[in-house]
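Reviewing the structure listed below.
Readers should treat all values here as calculations from the given coordinates under stated rules, not as data from a laboratory. For clarity, every value in this text was computed on a predicted model and none was experimentally measured. With ideal geometry, Cβ positions are generated from the backbone for all residues, glycine too; neighbour counts draw on all protein chains shown.
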Amino acid sequence: MTDTTLTLRAPPAPRRRRPGFVAMLYLYASLFIVAAIVLVPLLTTAVGGFKTLGDLRVNPFGLPETWQWSNYWDILSGARYWQMLGNSLLIASMTVVLTVAVAAMAAFALAHVRFFGSAFLMNYFLVGLMFPIATAILPLFIRIRDLGLLDTYLGVVLPQVAFGLGMAILLFRNFFRNVPKELFEAALVDGGGYIRFFWFVTLPLSRPILATVAIVAFVNSWNNYIMPLIMLNSQDKYPWPLGIMIYQGEFSTDWQLVLAFITLTILPTVIVFFAAQKHIVAGLTAGAVKG
Amino acid sequence: MASIALNDVRKFFGHHPVLHGISLEIRDGEFVILVGPSGCGKSTLLRMLAGLEDVSEGEISIGGRVVNDMAPKERDIAMVFQNYALYPHMTVADNMAFSLRLAGAPKAQKQAAVARAAEILDLSHLLDRFPRELSGGQRQRVAMGRAIVRDPAVFLFDEPLSNLDAKLRVAMRTEIKALHQRLKTTMVYVTHDQIEAMTMADRIVVMNGGRVEQVGRPLDLYDKPANLFVAAFIGSPAMNLLHGEAVAAPGGTAFRAKGGGLLPLPADRGVQPGTPLVYGVRPEHIELAASAACDTEAQIAVVEPTGSETQVFMTLGSDSLVGVFRERVADEPGSTLRLRIDPARVHLFEPSTGARIDAAAASTSPIREAVLA
């Protein structure tokens, strides 16, 4: 009897092999190196912001001789920092809304509607992915000038949206194509058309990819330096990345203030990334909608 | 409530024809099942009825209106899809009310319609759940509920049971049939499962290769298949079909199979000796004979008892033959079974065209004794 039960028992699950000591060492060493590449500049910047200019010159990587809290406090208590934060938020929000709206609709058409030239159009958008902003900056400037949008928020937002569309459409289209075709047919029978299907079914199902595209667009806009630099003239419209220019004098630069300012501007992005990490990874690796 | 008329409907995918001129009348309130093997065009035909595929040629009318160029929502139809196609982000109630929501119906009307459909399908306790929280059978019922809420003139079902397990399929079969008896709405149902077709339909349309092979009531198809395809398709296990020819036998004609077996022929078909034939007899119409009065003898190959009946695979000469007997067969493989075949239940077909050879006007008595000699 005992024998029978023994033979009936399922074979033991294969034990996951623990990596050996050398493998672990290698694993940890490489992880430490990668972490260091990311963390050292971040920490140097953050700590550098607490130093005096002299201290920074002599001792760029160590801890400050005396912690100069005033560097951060002066920036935080000044109106300019907050105004630039507002500008950055406004520009980024407009970029996100426009990118998501335009890209989602374009991707929906490219994913669901068969029309002449759709493949060509898709490839045309994809070619845009390979086009760096800096190379186009001169013609872009002329065009924005001709449109009368120089020194306006839109003058920054529109080119940012245009450059973000390629990636956004690619992500959206791949996601939309995985929405089962029967859902569209069911919506057709239920009395909807393309637009209602897009609004009532596709968009609610696409939350992960909406979040991904929105975050990518937001971060790109947040970090964009060259576009506002070229398009904006008045300081009261400057976003954060241009803030450091204020501390770059003609003959000397207050590096400790630049570092403090950079730290304060990076902080929100880092926080947002950690908060939305799950969505970003899910969106980038998403394959299918489960029906 | 509506009747449906198809008039020489054709469909091409590119230059490739998929439907070769289908003409069909479906009466108001009728439950019609389109059945056939994969790729026979039955789903395409249903999708054309729904408006999800264009009509290449011909005319479809629902309730007297030609609907060729109408959008699905204007056709007053509802469709149940094979994989249910429930909206994953909506609750059961929202799924069912979606068509009314799109139509801009007032809230009270939506609630009333959903409550009525939920009660019919016993879904009232599931209204707040999401599709992912339901079992396959429940999802299927929600999909039907979504159709009922629309109160359409015609229900269309596209293989709705093929994703369910065998037991649930039988239960849902009964439910759909009961639903039809309750709603009395015209229903068109597509399946590849002939058992589903036989058990549920008022009329069955057997399709093959984009053509209608036969239309008729389930038992008519079973009793009088119009051709070889229908004969082989309807019935489980499938009809035995033996190739051979009529031969002269004492007292009339008999059938000599290519494999060597000699079988009784119905005398009323007017078949002359020498005529090539396909001889069809259903497994359940072969009987075990008492020793004195047997028509033929066959060797047992495999015996499969199912309890209520016994399925026996036999060899007759070099042909194989399947029989289903109510009696229990205790004989070993290799031993000989004596069989009786009622000639009145034998089907004959032309080998070249596959068409059924029906009874000639005259009829005479069976010739069983003669064949045995």
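Values as computed for the structure displayed
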read-out	value
Low-density loop cleavage sites - trypsin sites (Lys or Arg not before Pro) in the stretch B:200-297, where at most 16 other Cβ are within 10 Å (DSSP)	B:Lys258
Size of charge dipole - the protein assembly as shown - debye, nearest 20, with Cβ of Lys, Arg +1 and Asp, Glu -1, no other charges	1380
For B:Phe157, residues with placed amide H under 5 Å, excluding near neighbours	B:Val80, B:Val188, B:Tyr189, B:Val190
Of all DSSP beta bridges in the stretch B:90-234, antiparallel share, percent nearest 5	50
Label-to-label distance, nm, for residues given as B:Ala355 and A:Tyr26 (7 Å Cα→Cβ offset)	7.8
Long-range amide H partners of B:Asp319 with built H, under 5 Å	B:Gly259, B:Gly261
Using θ = phi - 60° and Karplus 6.51 cos²θ - 1.76 cosθ + 1.60, couplings along the stretch A:34-46 (whole Hz; Gly, Pro as x)	4, 4, 5, 4, 7, 7, 4, x, 4, 5, 4, 5, 4
At least 15 Å along the helix axis (C-alpha) and Kyte average at least 0.0, DSSP helices within chain B	B:92-103
Max mean-square fluctuation residue, GNM over chain A, Cα-Cα springs under 10 Å, options A:Pro228, A:Pro19, A:Pro208	A:Pro19
Above-threshold pairs, the threshold being 19 Å between Cα atoms, out of A:Lys181/B:Lys167; A:Lys181/B:Lys73; B:Lys11/B:Lys42	A:Lys181/B:Lys167
Added length on full extension, which subtracts the Cα-Cα distance from 0.36 nm per residue, A:Val219 to A:Ala101	40.8 nm
Local net charge near B:Tyr87, Cβ-Cβ under 10 Å (Lys/Arg +1, Asp/Glu -1)	-1
Cα-projected label distance for A:Lys278 with B:Met70, points at 7 Å along beta-carbon direction, nm	4.8
Added length on full extension, which subtracts the Cα-Cα distance from 0.36 nm per residue, A:Trp82 to A:Leu267	65.2 nm
Estimated distance in nm for a label pair at B:Arg326 and A:Ala36, the labels positioned 7 Å out from Cα along Cα-to-Cβ	8.9
Shielding by partners, peptide B:93-102 (average Cβ within 10 angstrom, other chains)	3
Most fluctuating residue given options A:Val216, A:Val22, A:Val96, as computed from a GNM of chain A linking Cα atoms under 10 Å	A:Val22
Fraction of beta bridges assigned by DSSP in the protein assembly as shown that are antiparallel (%, nearest 5)	80
Average other protein chain Cβ within 10 Å of Cβ, residues B:79-89	6
Selection from A:Ser252, A:Ser118, A:Ala103, by position along the positive dipole direction of the protein assembly as shown (Cβ)	A:Ser252
Per DSSP, loop GluC sites (Glu not before Pro) in the stretch B:142-220 with at most 15 further Cβ within 10 Å	none
Under-5 Å amide H pairs with B:Gln214, H placed in peptide plane, nonlocal only	B:Val206
Whichever aspartates and glutamates have a C-alpha closer than 19 Å to that of B:Lys110, once near sequence neighbours (fewer than 8 apart) are set aside	A:Asp190, B:Asp76, B:Asp94, B:Glu119, B:Asp122, B:Asp128, B:Asp151
Cα centroid separation, the stretch A:161-224 to the stretch B:200-257 (Å)	53
Net charge of Cβ neighbours under 9 Å - reference B:Ala50; Lys, Arg +1; Asp, Glu -1	-1
Average beta-carbon neighbours from other chains, 10 Å sphere, peptide A:189-198	6
Average Cα contact separation per residue, the stretch A:79-214, under 8 Å, 6 or more apart, as relative contact order %	40
Total formal charge among the other residues, if their Cβ is under 9 angstrom from that of B:Ala290, Lys/Arg +1 and Asp/Glu -1	+2
